[in-house]
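Written out below as structure tokens is the structure these notes cover.
What follows draws every value from the coordinates through simple rules; no lab data is involved. Just so it is clear, the model here is predicted, and its values are computed rather than measured. A quick note on method: Cβ atoms are made from the backbone with ideal geometry, for glycine too, and the neighbour counts reach across all protein chains shown.
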Amino acid sequence: MTAQFMQGNTACAEGALVAGCRFFAGYPITPSSEIAEILSYRLPALGGKFIQMEDEIASLAAVIGASVGGMKAMTATSGPGFSLMQENIGYAAMTEIPCVIVNVQRTGPSTGLPTSPAQGDVMQARWGTHGDHPIIVLSPSSVMETFHLTVTAFNFSEKYRTPVILLMDEVVAHMREKVELPPREQVEVVDRVQTNVPPEWYFPYEETASDVPPLVSFGQGFRYHITGLFHDQRGFPTERLDEIQPWLKRVFAKIHNNLGDILMYEEESIPGARTVVLSYGATARSARHAVRLARARRHKVGFFKPLTIWPFPEEAVERLAHTAKRIVVPEMNLGQLALEVERVAGRHKVRRVNRADGELVTPQQILEAIEG
Amino acid sequence: MSTKLREEHEVYDYLRHSKKFPVMWCAGCGIGIVLGAIIRAIDRMGLDRDRVAMVSGIGCTGRMPVYVDFNTMHTTHGRALAFATGLKLARPDMYVLVVMGDGDALAIGGNHFIHAARRNMDLTAIVVNNNIYGMTGGQYSPTTPQHMRATTAPYGNIEPPFPLCELAKAAGASFVARSTVYHAKELDRLIEQAIARRGFSVVEAVSYCHTTYGRLNRLGTAVDMMRWLKENSVTLAQAEKMSPEERETKIVRGVLLDREGPGYVDLYEEIIRQARAAENG
Ligand SMILES: Cc1ncc(C[n+]2csc(CCOP(=O)(O)OP(=O)(O)O)c2C)c(N)n1
Ligand code: SF4
């Protein structure tokens, strides 16, 4: 494959196509619009469909509808649109319909700084919708990683029947880097599990050994019901405690029993490190640079980059907290993932480095925190 | 018993014979009549029920899909048309019916309603108009007539109502029709025509909510409200003979618009064909 000079948003669109995405519904918003533009151009020749909906609420609704119809589907947005999508993210979680939601974060709250980077939606991605539910959130820090994590987002959503959020930021989305995309046949693509039972026996929410029931598309002879209400194994509304509890347990179990597969992170120079810098997204680039500068000055510093933000890589961070004296968490917000690190490591072990004014956290700022 | 039921009621065969009965609607509510009409229309058309999807939003009307043996989806309040849009694009071969209450379709879902009509999205929208929010207990809706009472309009509603059919026509629908739950047989024929028409078709099924709207406005029992629908509705032909003032006070029944024209689904298939041809050529 030849090397190309590519933007993060383009890599996202390309990753989606390789993963088998054949449906996109969205509403334009900076800094995510290129994803919609590219897919509107590329999807038809692949037999896919694009539609620009009237708003973000409708966009995610259409995506879920298309997924029920059997198409791998995604939408892309930024903060204000992501807020509008929350109710339907909950719907996808409740109904276990695979879909991918890209949020290219910008500085907020509200319309904030439309073209400036931020990482202010970490908690919204986890807790934005109402109620108790697990979620998977992935965050890339380079163009190449955006390609891979978009594929992974689709694979996870199909494998675990769950909405998956790709949490990007403006820097990664608009940055251009040299990438070499792998040939299509070398990319692992996962499709949702189908059933081999006859329609009368198909229960769309049955308990299975893997905790993920097969999902058959509408129109294939399996006539079943989907609802955002708590439902029994057939999908019919229920208020029975002996049906609600097992559902809750199963949707949490399908994520928590597979943490080994879902949790992805990178470590650098961790053994012997007294200080570890934990960072994700665009900030991780400054962080890695700062760590290398610090090590050149003979500081015992390691680097940890979670690619999976939610579920939070709790055990790995616990291990860091055990061996290191301090964990430095730089973020383009006033402390969001740091809260989670503090929960696991203890508040006195965590040093936050924050800014939320639309500017990147610089390596110098992080270096000061490492040395200070 | 079941053979007799099956012979007497064509709907029997389409119901889900599981633990989900009796229905959750109040005794005497008109929503069940609309469901019956939808089933009769589908039965008469002989549609393959594997290719029928029923999508709803939230409300009393929104509970319809759970009872019928199609591909059914109960979505979020107001968003049924948007979900249905995605489903229809993924499965153009399916008949996608969208059932909504008036609040569902025109308040929270008003934007989706006008845009689905504008796109001429190939869907059949059936709006059960009971002039009120039934499920949440009788708050006023965008179709509550002026001066009528609701739990949130204790002094009488001061907002003018949305004319649902006029809105659908102006926004770009292909087919618009109206009838009432008193005219159950007429309703199923209109729904049949709506399903048969490609593009966005709307059927307003005028119903009532005797337990909230009826009680608050002292309109009597379900039977009284049903009788009112009978006495206060006219066919299109009858309406044409009336003065505009007189017509204003009546519910006009019949096909209010029927036009042909390409919609999003067909136009997009054409785009796919062109894009593929360009790719291969
Ligand atoms: C986002 C959201 N807002 C409000 C509600 C509460 N709610 C449930 S049903 C309903 C209105 C029902 O009225 P209508 O759509 O006219 O249907 P009906 O019950 O009369 O058939 C409302 C406001 C909700 N479920 N979701
Ligand atoms: S509350 Fe009103 S609309 Fe709802 S079922 Fe009862 S009568 Fe029908």
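Just to confirm a number: summing +1 for Lys and Arg and -1 for Asp and Glu over residues other than A:SER139 whose beta-carbon lies under 14 angstrom from that of A:SER139, what do you get?
Here the charged neighbours net out to -4.
Given Cβ point charges of +1 (Lys, Arg) and -1 (Asp, Glu) and nothing else, what value in debye, to the nearest 20, does the dipole of the protein assembly as shown about its Cα centre take?
Charge dipole of the protein assembly as shown: 840 debye, to the nearest 20.
Return the distance in nm (one decimal) between the two label points of a simple spin-label model at A:HIS348 and B:GLU269, each offset 7 Å from Cα along Cα→Cβ.
In this crude spin-label approximation the distance works out to 7.1 nm.
Based on DSSP, what percent of beta bridges with both residues in the protein assembly as shown are antiparallel, to the nearest 5?
Within the protein assembly as shown, antiparallel bridges account for around 25 percent of the total.
How large is log10 I(q)/I(0) at q = 0.10 Å⁻¹ when the Debye formula is applied to the Cα atoms of chain A, each weighted equally and without solvent?
These q points yield log10 I(q)/I(0) values of -0.62.
I need the fraction of alpha carbon pairs in the stretch A:92-149 separated by more than 17 Å, rounded to a whole percent.
50 percent
More than 24 angstrom separation, counting every C-alpha pair in the stretch A:284-372; what % is that?
Cα-Cα pairs of the stretch A:284-372 separated by over 24 Å account for 13 percent.
Counting DSSP beta bridges in chain A, what percent are antiparallel, to the nearest 5?
Counting DSSP beta bridges with both partners in chain A, the antiparallel share is about 25 percent.
Cα-Cα over 32 Å: which of B:LYS169/B:LYS241; B:LYS88/B:LYS169; B:LYS88/B:LYS241; A:LYS159/A:LYS305; B:LYS88/B:LYS230; A:LYS254/B:LYS20?
Over 32 Å apart, Cα to Cα: B:LYS88/B:LYS241; B:LYS88/B:LYS230.
Restricting everything to alpha-carbon atoms, can you work out Rg to Rh for the stretch A:218-259 with a Kirkwood hydrodynamic radius?
Rg divided by Rh gives 1.07.
Helix B:222-231 versus the longest principal axis of chain B: what is the Cα-based angle in degrees, 0 to 90, to the nearest 10?
80 degrees
Tally Lys/Arg at +1 and Asp/Glu at -1 over every other residue whose Cβ is under 15 Å from the Cβ of B:PRO262; what's the total?
Result for the neighbourhood of B:PRO262: +2.
Report the Cα centroid-to-centroid distance between the stretch A:169-186 and the stretch A:62-139 in angstrom, as an integer.
Here the two parts' Cα centres lie 21 Å apart.
Binning at 5 Å from 0, report for the stretch A:204-302 what percent of all alpha-carbon pair distances ends up in each bin.
Spelled out bin by bin, the stretch A:204-302 gives 2, 10, 15, 13, 9, 8, 6, 7, 9, 9, 7, 4, 1, 0 percent.
Taking square-rooted eigenvalues a ≥ b ≥ c of the alpha carbon gyration tensor, is the stretch A:60-179 rounded, prolate or oblate, where a/c under 1.5 means rounded and, failing that, a/b exceeding b/c means prolate?
Judged from the Cα gyration tensor, the stretch A:60-179 comes out oblate (a/c at least 1.5, b/c at or above a/b).
Listing B:CYS26, A:CYS12, B:CYS165 from the residue with the fewest other Cβ atoms within 10 Å to the one with the most, what is the order?
By the 10 Å Cβ count, ascending, the order reads B:CYS26, B:CYS165, A:CYS12.
Report the local net charge at A:GLY79: Lys and Arg +1, Asp and Glu -1, summed over other residues whose C-beta lies under 14 Å from its C-beta.
-3
In straight Cα distance, which lysines are under 30 Å from A:LYS300, not counting same-chain residues fewer than 8 positions off?
A:LYS325, A:LYS349
For chain B, modelled as a Gaussian network with Cα springs under 10 Å, which listed residue fluctuates most, B:ILE195, B:ILE33, B:ILE108?
B:ILE108
Mind listing P(r) for the protein assembly as shown? All alpha-carbon pairs, 20 Å bins, whole percents.
Spelled out per bin, shortest first, that is 18, 46, 27, 8, 0.
Where does each of A:LEU84, A:LEU334 land when they are ranked from fewest to most other beta-carbon atoms within 10 angstrom?
A:LEU334, A:LEU84
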